[in-house]
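A.B. asks: Quick one: the structure is below, and I'll ask about it shortly.
The values are calculated or read from the model by the stated rules, or taken from the named source; none is laboratory data. In this text, all values refer to a predicted model and were calculated from it rather than measured experimentally. When we count neighbours, we look across all protein chains shown, and the Cβ atoms used for this are built from the backbone with ideal geometry, even at glycine. These accessible areas exclude ligands, DNA and RNA; they are computed on the full protein's heavy atoms, side chains included. Shrake-Rupley method; radii C 1.70, N 1.55, O 1.52, S 1.80 Å.
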Amino acid sequence: MPLLDVRDYSKHFHIDHLGREIGVFDTLSFTLEPGQFLLVSGPNGVGKSTLLRCLFRSYLPTSGQALYDSRYGQIDLASAADIDIMTLRREEIGFVTQFLRPRPRVSALELVAEPLLAAMDAADAETRAASMLDNFGLKSALWSAYPTTFSGGEQQKVNLARALIAPRRLLLLDEPTASLDAATRRSLAERLAELKAEGVAMLGVFHHPQDVAHLLDGEINLTLPQTSPNGVSAGN
Amino acid sequence: MQATSNRPSSRRLDPPRIATLAPVVAVRGLRKTYGRIVAVEDVDVVAYPGEVLGIVGESGSGKSTVLRLLNLQEATDAGTYHLNAEGVTTEDLFTLDRYRQREVRVRHIGIVYQQPHLGLRMRYSSSGNVAERLLMTGERTFATLRRAANESLAVSEFPLDRADDPPAVLSGGMQQRVQLAKAIALKPALLLLDEPTTGLDVSIQATVLDTLKRLQRSRQITMVLVSHDLGVIRTLADRVMVMRGGRVVEQGLTDQILEDPQHAYTQQLVHAKL
């Protein structure tokens with residue numbers, strides 16, 4: 001059984017004050033196996049990020065199914081109860097963006113260790129967090145500092161360390177390499193290779209897919225709807 | 001132009017399948033009227049262990065009434081209320097007599113109000129305010145009371161060198177910390193937060209929210225948070241209910257409600273704020 005089996009998946013936004021429906025993708029179907037890494041490709045505005053957000057349920061898909069083979073059995077991510085999605089986000093499905101949301105008075109080490117706290121005590125979690133920050137090349141002098149004061153590049157290192165520290169079975173990667181320096185891009189590719197070897201399935205949008213080209217198993221190519229040239233179609 | 005008949009009204013989701021723990025709070029069919037005004041109609045509130053459920057809406061939406069009903073401060077016109085807490089698991093709290101309701105409120109429910117004077121005696125010492133909760137359970141040893149009160153104040157990140165000061169002379173942020181210390185002193189099953197940071201300076205608001213967040217992580221307290229401030233909701237809540245005119249118009253995961261609101265009213269609310 002594939003880890004993820006997406007069937008006739010559609011997303012339309014209904015914008016009430018415009019009184020219209022904006023279609024993003026329609027009847028999309030694909031499968032993703034454990035350890036497989038698929039690139040989501042297509043022109044700007046075609047809905048690549050929207051697809052990832054629908055699967056993570058930050059957006060509510062309009063129709064179709066996303067059957068996910070969880071440890072608890074098969075569950076449809078399109079219609080699962082919110083509380084079940086919360087459990088899956090905590091334990092199985094990760095979402096990686098390029099943005100960190102630092103919080104006041106929370107150190108880099110604490111922020112990175114946080115996703116592990118459900119599974120181990122704080123000391124062990126921080127040991128792992130330290131080695132993860134080291135992998136991504138954050139100077140150890142900064143580990144106990146607050147990322148709210150960090151530069152953009154330093155924040156991204158913290159962000160990736162946090163996003164990729166906990167064991168996940170499915171990772172949704174939304175342009176994680178955008179504006180990373182070359183060394184950090186290399187560290188990221190190495191970490192993704194490790195995860196892939198461990199059997200983690202990945203679905204990613206990359207502005208520069210060459211960073212991860214050697215890891216890719218295939219592509220989901222999204223195309224703009226025929227009806228309109230700019231990706232926007234009026235309600236029907 | 002065609003009528004928008006296929007508007008994606010709140011999609012029906014499946015019942016929970018993975019979640020195996022019983023909800024801490026299960027309130028069904030809440031209804032409350034004041035004279036001819038229907039304040040709350042047909043509202044369900046379900047919160048699972050350790051989660052923070054946000055309730056948003058404008059003034060008059062009924063969100064504060066829901067909180068008062070959850071706090072057993074007022075009688076409901078209809079509905080049932082189950083709280084998964086020691087000794088009351090099988091009871092409908094709305095059917096208990098006033099005396100037992102008060103007992104449940106003291107032992108199992110904590111509340112932080114927007115206005116500190118609703119929750120505190122403003123001229124008693126801060127540690128005394130917290131100790132009062134413990135007194136109600138029968139604890140009489142001064143040393144024990146003081147130690148427990150100070151522990152609770154410390155968890156609320158209240159500076160202990162000010163424990164003898166009355167709330168009346170403290171800043172707004174400090175007053176909220178005293179309220180919080182009092183609310184959690186007996187390790188309640190449910191913590192209710194009614195606009196807990198509204199009216200505080202932005203920087204103070206951030207630190208109080210951070211304290212609540214730490215508390216939620218370390219103690220896994222189930223919280224119901226009422227706020228009109230979507231920033232507060234985004235920071236703290238796992239799930240959100242959007243209320244309008246006494247009814248729930250939409251509910252979902254916090255990021256979904258804020259980023260992909262389905263209901264026209266929620267779209268308006270979100271776009272007006274962000």
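A.B. asks: Among the residues of segment B:250-268, is any open to solvent by 10 Å² or more (accessible area, probe 1.4 Å) and more than 11 Å from chain A (Cβ to nearest Cβ)?
C.D. replies: No, segment B:250-268 has no match at all.
A.B. asks: Also: Is it the case that some residue within segment B:229-238 is open to solvent by 20 Å² or more (accessible area, probe 1.4 Å) and at pLDDT 95 or above? Full working, then the answer.
C.D. replies: Step one: filter segment B:229-238 for residues open to solvent by 20 Å² or more (accessible area, probe 1.4 Å), giving B:229, B:231, B:234-235, B:238.
Narrowing further to those that are at pLDDT 95 or above: B:238.
Within segment B:229-238 (the criterion being open to solvent by 20 Å² or more (accessible area, probe 1.4 Å) and at pLDDT 95 or above), the answer is yes, since at least one residue qualifies.
A.B. asks: Being outside any helix (DSSP H, G or I) and closer than 18 Å to B:Val208 by Cα is the filter here; which residues of segment B:97-121 pass it?
C.D. replies: Here is the first cut: in segment B:97-121, the ones outside any helix (DSSP H, G or I) are B:97, B:109-115, B:120-121.
Those that are outside any helix (DSSP H, G or I) and closer than 18 Å to B:Val208 by Cα: B:Gly110, B:Ile111, B:Val112, B:Tyr113, B:Gln114, B:Gln115, B:Leu120.
A.B. asks: Exactly one condition in (1) closer than 27 Å to A:Asp84 by Cβ; (2) crowded, with 19+ Cβ neighbours inside 10 Å is not met by B:Gly50; state its number.
C.D. replies: Status for B:Gly50: all satisfied but (2).
A.B. asks: Does A:Ser187 satisfy the condition of being at positive phi and either among the polar types (S, T, N, Q) or without any contact (Cβ under 8 Å) to a residue 12 or more places away in the chain (or both)? Steps first, please.
C.D. replies: Values: at positive phi: no; either among the polar types (S, T, N, Q) or without any contact (Cβ under 8 Å) to a residue 12 or more places away in the chain (or both): yes.
No: the conditions fail for A:Ser187.
A.B. asks: Of the residues A:Leu133, A:Leu109, only one is in contact (Cβ under 8 Å) with a residue 12 or more places away in the chain, away from chain B (no Cβ under 14 Å), in a helix (DSSP H, G or I) and open to solvent by less than 10 Å² (accessible area, probe 1.4 Å); which?
C.D. replies: Working: A:Leu109 fails: open to solvent by less than 10 Å² (accessible area, probe 1.4 Å).
Every option except A:Leu133 fails the conditions.
A.B. asks: Restricting to segment A:156-181, and then to whatever is surrounded by fewer than 20 Cβ atoms within 10 Å (Cβ to Cβ) and under 24 Å from A:Lys48 (Cα atoms), can you tell me which residue is nearest to the chain's Cα centre (by Cα)?
C.D. replies: Checked segment A:156-181; the qualifying residue nearest to the chain's Cα centre (by Cα) is A:Glu175.
A.B. asks: Is segment A:144-157 home to any residue that is out of contact with any helix residue (DSSP H, G or I) (no Cβ under 7 Å at 6 or more places or on another chain), of a type outside the set (Phe, Trp, Tyr), farther than 14 Å from A:Pro176 by Cα and assigned to a helix (DSSP H, G or I)?
C.D. replies: Among the residues of segment A:144-157, at least one is out of contact with any helix residue (DSSP H, G or I) (no Cβ under 7 Å at 6 or more places or on another chain), of a type outside the set (Phe, Trp, Tyr), farther than 14 Å from A:Pro176 by Cα and assigned to a helix (DSSP H, G or I), which makes the answer yes.
A.B. asks: Additional query: May I ask you to say which residue of B:Thr95, B:Thr80 is open to solvent by 70 Å² or more (accessible area, probe 1.4 Å) and not aromatic (Phe, Trp, Tyr)? Don't jump to the end; show me each part of the working.
C.D. replies: Values: B:Thr80 fails: open to solvent by 70 Å² or more (accessible area, probe 1.4 Å).
Residue meeting the stated conditions: B:Thr95.
A.B. asks: Can you tell me which residues in segment B:124-151 are assigned to a helix (DSSP H, G or I) and open to solvent by 40 Å² or more (accessible area, probe 1.4 Å)?
C.D. replies: Pass one, segment B:124-151, residues assigned to a helix (DSSP H, G or I): B:126-135, B:142-151.
Scanning segment B:124-151 gives B:Leu135, B:Phe142, B:Ala143, B:Thr144, B:Arg146, B:Arg147, B:Glu151.
A.B. asks: Out of everything in segment B:189-220 that is more than 13 Å from chain A (Cβ to nearest Cβ), of a type in the set (A, V, I, L, M, F, W, C) and outside any strand (DSSP E or B), what residue ends up being nearest to B:Gly87 (Cα to Cα)?
C.D. replies: Step by step, filter segment B:189-220, then rank; the result is B:Ala189.
A.B. asks: Quick one: A:Ile83 ticks every box in (1) touching a Leu at 6+ places or on another chain (Cβ under 8 Å); (2) among the aliphatic types (A, V, I, L, M); (3) within 11 Å of chain B (Cβ to nearest Cβ) bar one, so which box is it?
C.D. replies: In the conditions (1) touching a Leu at 6+ places or on another chain (Cβ under 8 Å); (2) among the aliphatic types (A, V, I, L, M); (3) within 11 Å of chain B (Cβ to nearest Cβ), A:Ile83 misses (1) alone.
A.B. asks: Give, as residue ranges, the strands (runs of 3 or more DSSP E) completely inside segment A:6-77 that count at least 3 residues that are surrounded by fewer than 22 Cβ atoms within 10 Å (Cβ to Cβ) and within 11 Å of chain B (Cβ to nearest Cβ).
C.D. replies: Working: elements: A:20-32, A:37-41, A:63-70, A:73-76.
In segment A:6-77, A:73-76 are the strands (runs of 3 or more DSSP E) which contain 3 or more residues that are surrounded by fewer than 22 Cβ atoms within 10 Å (Cβ to Cβ) and within 11 Å of chain B (Cβ to nearest Cβ).
A.B. asks: Let me ask something else about it. Since B:Asp97 meets every condition but one in (1) under 15 Å from the mean Cα position of the chain (by Cα); (2) away from chain A (no Cβ under 14 Å), which condition does it not meet?
C.D. replies: Unmet for B:Asp97, out of (1) under 15 Å from the mean Cα position of the chain (by Cα); (2) away from chain A (no Cβ under 14 Å): (1).
A.B. asks: Still on this model: Identify the residue in segment B:155-184 that is among the hydrophobic types (A, V, I, L, M, F, W, C) and without any contact (Cβ under 8 Å) to a residue 60 or more places away in the chain and, among all such residues, is surrounded by the most Cβ atoms within 10 Å (Cβ to Cβ).
C.D. replies: Here is the first cut: in segment B:155-184, the ones among the hydrophobic types (A, V, I, L, M, F, W, C) are B:155, B:158, B:160, B:163, B:168-170, B:174, B:178, B:180-181, B:183-184.
Filter once more, keeping what is without any contact (Cβ under 8 Å) to a residue 60 or more places away in the chain: B:158, B:160, B:163, B:168-170, B:174, B:181.
On the way: B:Phe158: 25, B:Leu160: 13, B:Ala163: 20, B:Ala168: 13, B:Val169: 12, B:Leu170: 20, B:Met174: 21, B:Ala181: 27.
Looking at residues that are among the hydrophobic types (A, V, I, L, M, F, W, C) and without any contact (Cβ under 8 Å) to a residue 60 or more places away in the chain, I get B:Ala181.
A.B. asks: Moving to a separate point now. Pick from segment A:121-130 the residues that are open to solvent by less than 40 Å² (accessible area, probe 1.4 Å) and more than 14 Å from chain B (Cβ to nearest Cβ): which of them is farthest from the chain's Cα centre (by Cα)?
C.D. replies: So in segment A:121-130, the residues open to solvent by less than 40 Å² (accessible area, probe 1.4 Å) come out as A:125, A:129-130.
Within this subset, residues satisfying the condition of being more than 14 Å from chain B (Cβ to nearest Cβ) are A:129-130.
Numbers: A:Ala129: 19, A:Ala130: 22 Å.
Residue satisfying both the conditions and the ranking: A:Ala130.
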